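Below you'll find the structure, written out as structure tokens, and then a few comments.
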Amino acid sequence: LIDSFTSIIGRALTGTFYPVLQQAIGFGSAFEGWTAREEEILYRVLIPLSPPIGHTFHLEHDTDQQKPGRNFRVRVELECSCPEGNEGVNLLCFLHHPDVVRRSTRQPNLLDSLCTGFYLDVHKIVLWFCALVRASWRRLPQSRSWHLVLQASARSCNLRLNNNQESFLVKVLFGVQRHTSDIFITSRPRGAQTPSTMWPETYAIAETKFFTHMARQTPQDSSHLKCLQLLARVLAHKDFPFHSVKTIIMQMLNTVPVSRWHRRYFLLQLSDALEQLHLSLKEKHLDHFILGNQRLPEEIRLPQDVQRARPPNLFYALIQDPDAHSQAMQAY
């Protein structure tokens, strides 16, 4: 569905200077083979953005210490298309003659349309894409049997689709790939007041790729997804952060021999996962799975700074807040 949207929208954007939409990437539990809740399934997809002709993207690390995690800004710069050594000669050069380009193409450049200052603006990107989806929906064959409702969100385009029998929700995020790796900076929010020009780094694509890799390595009747789903659903009712459970399972998948995930070992692995979780809570320490992990499968590509980073402690907040630690132990 999303690929159909991006294909139609991509054709409509030909000759403009809006971001180029790449093929959508599915990630998260729905694409990994498990769900944390029994209600409606949520499909999360990421649409990578590339700079249009005459523009370049430069990722700048955001040094604001008030926001957790690793955050970036996307600086948009106009590109010079003049012959080397003859700057300014080409009258259609975006850098030296932007006004001429505007008049001749009758199109705004990216700085004029979807940026705040020199930086790509998440809120403007979302509004722009949602408007394109609304305009192109009737051109899709799915529109004849499905009803589409766009749900407003500042940092994602949420599509609810339903017919007479079923419904599902698609959350569309936008991102920029770091080099040629599986790490992206995305429109996913970082707290309640994420600035519109802040793009947090995400490891969700790499995690989904890890699960895809392990699905090929483990026995056909492997119990790792059953284990993860059971724990996530039980702890979800206690408002427990299920990503910590997912981290435990990923760490076990990366260390336990694949043969030990046969279904006959289900109770053993479930018990081990609970024990690892209890120990991590007690010690208030759980390493991030992707950041700083140098034992990932070769097919998962990380930038050097991500691979060499010191793994952050996912339970660091429990050190700072004794009450939160007590609540987490009670929830367990």
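The values are calculated or read from the model by the stated rules, or taken from the named source; none is laboratory data. Keep in mind the model is a prediction, meaning the values are calculated, not measured. FYI the Cβ positions are ideal-geometry reconstructions off the backbone, even for glycines, and counts take in every protein chain you see. To get the accessible areas, we keep the full protein, side chains included, count just its heavy atoms, and leave off ligands, DNA and RNA. Shrake-Rupley method; radii C 1.70, N 1.55, O 1.52, S 1.80 Å.
Enumerate lysine pairs in the chain that are 8 or more residues apart or on different chains, then count those whose Cα atoms are under 20 Å apart.
11
Helix-only estimate, please: 222 nm mean residue ellipticity of the chain, summing -39500 (n - 2.57) across DSSP H runs of length 4 or more and dividing by its residues, to the nearest 500.
So the helix-based figure for the chain works out to -10500 deg cm²/dmol.
Sort all Cα-Cα distances of region 218-331 into consecutive 5 angstrom bins from zero, then give the percent of pairs in each bin up to the one containing the longest distance.
Spelled out per bin, shortest first, that is 2, 11, 19, 21, 19, 15, 9, 3, 0.
Taking amide H atoms as placed 1.01 Å from N in the peptide plane, list the residues 5 or more away in sequence, or in a different chain, whose amide H sits under 5 Å from that of H55.
Counting only residues 5 or more places away or on other chains, the set is E79.
If you add up the charges near Q276, with Lys and Arg at +1 and Asp and Glu at -1, over every other residue whose beta carbon is less than 15 angstrom from its beta carbon, what do you get?
With Lys, Arg at +1 and Asp, Glu at -1, the net is 0.
With a 1.4 Å probe and all protein chains left in place, how much of the accessible area of region 218-331 comes from carbon and sulfur atoms, in whole percent?
Carbon and sulfur: 50 percent of the exposed surface of region 218-331.
May I ask for log10 I(q)/I(0) of the chain at q = 0.13 Å⁻¹, from a Debye sum over the Cα atoms as equal point scatterers with solvent left out?
So the normalised log intensities work out to -1.10.
When the Cα centres of region 186-204 and region 290-304 are compared, how far apart do they sit, in Å?
Region 186-204 and region 290-304 have Cα centres spaced 22 Å from each other.
State in Å² the accessible area per residue of the chain; use a 1.4 Å probe, count heavy atoms of protein chains only, and round to the nearest integer.
53
Enter the accessible area of E79 (Å², nearest 10), with the probe set to 1.4 Å and all protein chains included.
Here the accessible area works out near 80 Å².
Could you please report the charge total around Y119, scoring K, R as +1 and D, E as -1 over all other residues with beta-carbon less than 9 angstrom from its beta-carbon?
That works out to 0.
Rolling a 1.4 angstrom probe over the protein chains, ignoring ligands and nucleic acids, what is the accessible area of K282 in square angstrom, nearest 10?
Spelled out: K282, probe radius 1.4 Å, area about 130 Å².
Working from Cα positions, state the angle (0 to 90°, nearest 10) between the long axis of helix 224-236 and the longest principal axis of the chain.
Helix 224-236 sits roughly 90 degrees off the main axis of the chain.
Sum up the charges of everything whose Cβ sits under 13 Å from the Cβ of F174, counting Lys and Arg as +1 and Asp and Glu as -1, but leave F174 out.
With Lys, Arg at +1 and Asp, Glu at -1, the neighbours total +4.
Using a Gaussian network for the chain with springs between C-alpha atoms less than 10 Å apart, which of these wobbles most: P322, P189, P241?
P322
How far, in degrees from 0 to 90, does helix 322-331 lean away from the longest principal axis of the Cα atoms of the chain, to the nearest 10?
That helix lies at roughly 60 degrees to the long axis.
Could you compute Rg(Cα) / (2.2 N^0.38 Å) for region 95-146, with N its residue count? Write out the running numbers ahead of the final one.
Details: Rg = 15.7 Å, N = 52, 2.2 N^0.38 = 9.9 Å.
Scaled against compact globular proteins, the figure is 1.59.
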